[in-house]
Amino acid sequence: MLLAGLFSCDDYLDTTPTDRISDLVIWENEKNVQLYVNGFYPYIDRYGQFGGAQFNGSLTEGLTDTFKYGSYVPGSKAGDANRYVFTPEVIGPTSNLLDVWSETYERIRRVNEFLVGLEQYSVFDEETNDLYRGQARFFRAFLYFQLAKRHDGVILYTDMNLQKDKPLSTAAETWDLIADDLDFAASVLPEAGAWPASETGRVTKGAAWALKSRAMLYAERWQEAKDAADEVINSPHYALTDNYEDSWKGGNSESILEYNYLLNDPNHSFDKDYATYGEIENQGGSGTPTQEMVESYENKSGMTVNWAPWHGNTSVVPPYEDLDPRFHATIIYPGSEWQGKTMTNSVEGENGRYMAYREQTYAQGRTTTGYYLKKLRDPENTDLITIPSTQAWVEIRLAEVYLNRAEANYRLGKSDDAMADINAVRSRPGIAMPAKTGLTGANLFEAIRKERKVELAYEGHLYWDMRRWKLAHTAYQNYRVHGFRVTGIPGALNFEYVDADLEDRIFLQRTYILPIPYNELANNSAIEQYDPWK
């Protein structure tokens, strides 16, 4: 996304006092308007895996069975991730690290400010105005989606009438606005590749339809989700990548919405945060994949692996080499290659090192599960001290849209179509996993869930999927995650199955709807707290 070079943060317009936004000076030439709209694009980063809004700078996968953070210190990113799974009662109107309420409404205000100014002061032709309206309304939908997936109905603003006391809208009204904004955006934005070369990276018709396919699953509007996915999948502008590892790297046929970074600014620190032991002194290993995630992968024959022989203490090497190719692209495991090194991830290892959870205050490059995260990392960056991370964040890619449609088809009773969508993802050349056949009902839904968990691993979906499916309070109740304590030397390793949590994780059912922040309640007399939080 070349647009990354046009701005460094989402505070661009703060250089102009907001009470002068209606000043005609900003509308005198199109360059000003372009710069205004450019200020919306960092929002893609702000809610992505490389930004800070997923969970206080950590991955929400740390709130599932797939990822274990290595610190127990409250106030640290890794420590807070553990605090929230062990003691979720800390979530409340005054303390909620999943909260994005105030900053999201400030961003919505900026978008609305632009739309109002465009209507009042634009001197451009209607086609040009629509290109700007389409981008702005796409981002308004994107922002309201961030609120809607966390809450129930929220306060809806579509203009600059920012009344102090305004009631909550219903959930249906919130999803209506999101759908309407995305429908409009899709009707006026160009197809992928149709923007001028100098504008590469702006949102497109496909991005609007793809986001709608995601949002309508949350809204449980299955036909709308399917129809939106159809628009993307039937487009000639997107294709699944043959190489799974290319699919999240941006700038390829599968990427639909992405945000790119620069060496100077903007950039991020993902590689430092999740580095293996020895890559950078006293850093890395912030969180690591769990044995539960490893066991989610089928073998290459499409069968579930029996891991019982490794739920103890053994020198038999686990069946890593026979697992789904996506496992090898996602997880650094004992015996795998990373940056030219054979990793052991063992107690005294130099190429990856194990430590028991709570053995040290911070992980500092060590793993508490015997694994490290490979997916989303940059294998070419071997100088983490001086070179920041610049790999792109792909917010939406085609494989997700196929799986969105698979779920919508399942809900609509179209089992064969749902399996076809799953198999389109599984059968691409770089993966070539056996097709799913003959599945219906609960078995088909389970296959869809598993495919999303594996295909979209660590891309920020699983935690929110489990919430919208209303499965988190059973699947994530009184459980612990596990790993391997690895000892020995390459060629003679021992694998001890260990508890990586030391206490039970809990999911509180009332957190399916996150609370309205106290400050909003104190300043808005027209709203009441959601029922679970009264």
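Here the translational diffusion coefficient of the stretch 406-450 follows from Stokes-Einstein with Rh set to the Kirkwood radius across Cα pairs; for 4 °C and 1.567 mPa s it amounts to 125 µm²/s. Using 0.36 nm per residue and subtracting the Cα-Cα separation, the extra length available between Lys470 and Ser315 on full extension is 51.8 nm. With R₀ set to 30 Å, the beta-carbon distance separating Tyr512 from Asp417 gives a calculated FRET efficiency near 0.55.
In terms of packing, defined here as the mean over residues of other Cβ atoms within 10 angstrom, the peptides 133-140, 511-518 line up highest first as 133-140, 511-518. Evaluated with a Cβ-only charge set (Lys, Arg +1; Asp, Glu -1), the stretch 34-104 carries a dipole of roughly 140 debye about its Cα centre, given to the nearest 20. Expressed per residue, the C-alpha convex hull volume of the stretch 121-169 stands at 80 Å³.
Under 28 Å from the Cα of Lys31, which lysines turn up, not counting those fewer than eight places away in the same chain? Leaving aside lysines fewer than 8 places away in the same chain, those within reach of Lys31 are Lys205. For the chain, the residue among Gly193, Pro429, Phe495 whose Cα projects farthest onto the positive side of the dipole built from Cβ charges is Phe495. If only the Cβ of Lys and Arg carry +1 and only the Cβ of Asp and Glu carry -1, the dipole of the chain around its Cα centre is close to 1180 debye.
What size of dipole, in debye to the nearest 20, comes out for the stretch 200-288 about its Cα centre when the only charges are +1 on Lys and Arg C-beta atoms and -1 on Asp and Glu C-beta atoms? With Lys and Arg at +1 and Asp and Glu at -1, about 400 debye. Ranked from largest, the principal axis spans of the Cα set of the stretch 102-213 equal 43, 33, 21 Å.
Ranked by the mean number of other Cβ atoms within 10 Å of their residues, highest first, the peptides 106-115, 435-444 fall in the order 106-115, 435-444. Working note: Cα atoms of the stretch 55-130, range along each principal axis, descending, whole Å: 57, 26, 17.
Across the stretch 38-104, the mean sequence separation of Cα contacts (distance under 8 Å, 6 or more residues apart), normalised by length, yields a relative contact order of 22 percent.
Full extension of the chain segment joining Lys149 with Asp322 gains 58.6 nm, where the gain is 0.36 nm per residue of separation less the Cα-Cα distance.
Between amide H atoms placed 1.01 Å from N, distances below 5 Å from Phe55 occur with no residue 5 or more places distant or on a separate chain. For the stretch 235-393, a/c is not less than 1.5, where a ≥ b ≥ c are the root eigenvalues of the C-alpha gyration tensor, and a/b does not top b/c. That puts it in the oblate class. Normalised by 2.2 N^0.38 Å, where N is the number of residues, the alpha-carbon radius of gyration of the stretch 13-155 equals 1.30.
Separation of the stretch 206-235 from the stretch 328-365 is 39 Å, based on Cα centroids. Each Lys or Arg adds one and each Asp or Glu takes one away; over the other residues whose Cβ falls under 9 Å from the Cβ of Leu323, this sums to -2. Computed over the stretch 183-316, the alpha-carbon pair-distance distribution with 5 angstrom bins reads 2, 8, 11, 12, 13, 14, 14, 11, 8, 4, 2, 1, 0, each value a whole percent. In the stretch 319-351, which residues have a backbone nitrogen under 16 Å from the label point lying 7 Å from Thr382's Cα in the Cα-to-Cβ direction? From the stretch 319-351, the list is 337-343, 351.
What's log10 of I(q)/I(0) for the chain at q = 0.09, 0.12 Å⁻¹, Debye sum over Cα points only, no solvent? Reported log10 I(q)/I(0), two decimals: -0.66, -1.20. Of the residues Asn260, Pro532, Asn313, the one whose Cα sits farthest towards the positive end of the charge dipole of the chain is Asn313 (charges of +1 on Lys and Arg Cβ, -1 on Asp and Glu Cβ, taken about the Cα centre).
With coordinates expressed along the principal axes, the C-alpha atoms belonging to the stretch 422-534 extend over 65, 41, 24 Å, beginning with the largest. The P(r) of the stretch 239-279 has a tail past 17 Å containing 51 percent of all C-alpha pairs. Distance from the alpha carbon centroid of the stretch 51-98 to that of the stretch 373-398 works out to 22 angstrom.
When each of the peptides 153-166, 32-45, 315-328 is scored by how many other beta carbons lie within 10 Å of its residues on average, the order from highest to lowest is 32-45, 315-328, 153-166.
We did not get these values from a lab; they are worked out from the coordinates using the rules stated. Every value quoted in this text rests on a predicted model; they were computed, and no experiment measured them. Neighbour counts run over all protein chains shown; Cβ positions are idealised from the backbone, glycine included.
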